[in-house]
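Structure first, then comments.
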Amino acid sequence: MKQDYFKAAEVINQAYAVQSTYDLDRKYDYFMVYDDDITAVLKSVYIYKYMKRNNPLLKFVVVGGEGLLAVAFKVMRFSLKVRGKAFAWQMLKPETEAERLKRVAVALGVEETNIIVSDDGHNTTENLRAMSKIAHGKKALVVSTQRLAMVFKQSAEFQCNQHPEEFACRQFNYDLLVIPQTVADGVA
């Protein structure tokens with residue numbers, strides 16, 4: 001990537017940065033991972049485990065239906081089929097974003113019985129509707145990467161907390177845990 005484009009992308013990335021608002025010692029009812037990026041799970045599970053010690057009823061919620069991870073899966077599966085890798089193609093099982101986030105969380109030691117999967121959403125509004133209904137007015141900690149945090153925050157405030165009837169949402173009482181990212185993190 002040319003250096004001037006890289007610098008411009010980093011300026012934009014910082015302009016959309018959202019600060020975390022969570023408190024490690026606050027009691028949350030739900031720990032919601034909202035993202036299409038497994039980085040959100042990878043970098044937050046240790047916080048969930050810490051909070052779970054002080055709050056055994058804390059539920060781990062994974063959210064996401066047909067987004068980026070689901071599309072990536074379809075592309076990978078198609079690629080294997082086209083290249084004649086039928087054995088590998090058949091081994092791949094379709095999964096939603098939430099199912100993939102759950103799989104990673106379980107691999108990192110989150111008990112499957114503590115995980116709620118919400119994978120019917122096809123867009124931010126549908127995901128917010130599901131999240132606000134799961135929380136049902138209780139306190140939630142929402143985990144998002146920096147890349148999606150601004151979209152989440154603005155959408156949740158507008159759709160759930162300012163116009164809940166219009167978007168069929170409930171008031172959403174949440175704090176935010178933002179996983180910091182730089183443009184360099186996304187460059188291979």
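The values are calculated or read from the model by the stated rules, or taken from the named source; none is laboratory data. Please read all numbers here as calculations on a predicted model, not as lab measurements. Counting neighbours? That spans all protein chains shown, and the Cβs are built from the backbone with ideal geometry, glycine included. Calculation scope for accessible area: heavy atoms of the full protein, side chains included, ligands and nucleic acids excluded. Shrake-Rupley method; radii C 1.70, N 1.55, O 1.52, S 1.80 Å.
What to note about this one:
- Heavy-atom accessible surface of the stretch 99-188, averaged per residue, reaches 49 Å², computed with a 1.4 Å probe.
- Cα→Cβ-extended label distance, 7 Å offset, between D175 and K74, nm: 3.8
- Spin-label model distance (nm) - A9 vs K27, 7 Å beyond Cα toward Cβ: 4.5
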